[in-house]
Amino acid sequence: MKYVQIIFSPTGGTGRAAKIITSEWSSSVETVDLSDPADDFSKYGFASEDIVLIALPSYGGRVPAIAAERLSQVKGNCANCVLLCVYGNRAYEDTMIEMADLAKGCGFTIAAAVSAVAEHSIMHQFAAGRPDEKDVQELKSYAKTILETMKTGISEDVLQIPGNRPYKKAGGAGLVPKATKDCTDCGLCAKQCPVQAIDKGNVKKGDSRKCISCMRCVVKCPHSARKVNGGMVSVASLAIKNACSVRKDCELFI
């Protein structure tokens, strides 16, 4: 038996939440990084005794399309999986039910689902510093409960996962980072971009049609030389301020 985490975490929030859970399961956990555009995800297959955490962020209430595409290539082979949906304290809407459908399509057996909050990847004032200590303790407790449940047997028929079908319409990438005058053409942003939306030959040039507003280039730039339009961020912040003003806690569905 092996423990595996399948993760899409461009700015690290989803990865941090995932690690809290998987570290309670084993000190040896393999990682499949769905943000790596060079990987061949069809090579990943699991045994029925394996335990897999699928950890994805919610982008506007949906699974990021590129993450869904790459995850769909994985072969679950009836391995038990746990869904971890991470969001920025607004709402995850149809993300978790979409994750469940993707996991079943891959052939996984869904043992449980968890929602967790991480600092918003664009508007950092929302859920700042999360997962915090309260989140950590809750997620660790969930991890232990899930393992105990797996020992006694699971039934997908009784697992109630929130969300709607058909899913809500996916939004477009409205906030596309741009290079500033501080850019040194080091090329790290192009190398790190999950969807290869930055021209490796001219990193100041980005493809807004490919960009998914994941903000990895902003976070990874060693010179803080990639930014999103401040005015647009302010407008977006006002639009979700009320929805983000009340703390949402982690949830366990089992």
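Annotations
- Of K75/K151; K168/K191; K140/K169; K200/K220, pairs whose Cα-Cα distance is over 27 Å: K168/K191; K140/K169
- Relative contact order [Cα under 8 Å, 6+ residues apart], the chain, whole percent: 20 percent
- The modelled label-to-label distance between K75 and D132, using points 7 Å beyond Cα along the C-beta direction, is 4.6 nm.
- Charged-residue dipole, Cβ positions (Lys, Arg, Asp, Glu), the chain about Cα centre, Debye nearest 20: 1040 debye
- Taking the fewest neighbouring Cβ atoms within 10 Å as the starting point, the ordered list for I6, I240, I110, I146 is I240, I110, I146, I6.
- Coupling constants for the range 194-208 follow from the phi torsions by the Karplus curve (6.51 cos²θ - 1.76 cosθ + 1.60, θ = phi - 60°), and in residue order they are x, 10, 6, 8, 10, 5, 5, x, 8, 5, 6, 9, x, 9, 5 Hz; glycine and proline get x.
- Cross-link reach is defined here as a Cα-Cα straight distance under 19 Å, omitting same-chain residues fewer than 8 places apart; for K144 the lysines meeting it are K2, K19, K134.
- Alpha carbon centroid spacing (whole Å) that separates the range 1-40 from the range 231-254: 25 Å
- Take the Cα of D39, step 7 Å toward its Cβ, do the same at N164, and the gap between the two points is 3.3 nm.
- Extension gain (nm, one decimal) between R209 and K181, 0.36 nm per residue minus Cα-Cα: 7.8 nm
- For S234 and V246, the difference between the fully extended length at 0.36 nm per residue and the C-alpha to C-alpha distance is 2.4 nm.
- Cα-based shape type of the range 111-249, given that a ≥ b ≥ c are square roots of the gyration tensor eigenvalues and the cut on a/c is 1.5: prolate
- Database remark: amide H of L53 closer than 5 angstrom to the amide H of V4, Q5, I6, V82 (H placed geometrically; neighbours at sequence offset of 5 or more, or on other chains; Pro and chain starts carry no H).
- Within the same chain, aspartates and glutamates fewer than 8 places from K181 are excluded, and of the rest, those with a Cα less than 18 Å from its Cα are D199.
- Under a 5 Å amide H cut-off, with hydrogens placed 1.01 Å from N, I110 pairs with C81 among residues at least 5 apart or on other chains.
- Separation of alpha-carbon centers, the range 88-114 and the range 127-191, rounded to whole Å: 10 Å
- Calculated from backbone phi, Karplus (6.51, -1.76, 1.60) coupling profile of the range 10-24 in Hz, x at Gly/Pro: x, 10, x, x, 5, x, 5, 5, 5, 5, 4, 6, 5, 5, 7
- Calculated from backbone phi, Karplus (6.51, -1.76, 1.60) coupling profile of the range 60-69 in Hz, x at Gly/Pro: x, x, 9, 6, x, 4, 5, 5, 4, 4
- Amide H partners (placed H, <5 Å) of V176, local residues excluded: N229
- Set against the labelled values [x] 21; [y] 12; [z] 16, percent of Cα pairs over 32 Å apart computed from this structure falls on [x].
- The range 41-66 residues near the modelled Y3 label - backbone nitrogen below 15 Å, point 7 Å along Cα→Cβ: 50-55
- Unpaired by the 4.7 Å Cβ criterion, cysteines found in the chain: C78, C81, C85, C106, C183, C186, C193, C211, C214, C221, C244, C250
- Net charge in the neighbourhood of A190 (other residues with Cβ under 9 Å of its Cβ; Lys, Arg +1, Asp, Glu -1) is +1.
Values in this text are rule-based calculations from the coordinates and carry no lab data. It should be emphasised that the depicted structure is a prediction, and the values quoted were computed from it without experimental measurement. Methodologically, a virtual Cβ is constructed for each residue, glycine included, from the backbone with ideal geometry; neighbour enumeration extends over all protein chains shown.
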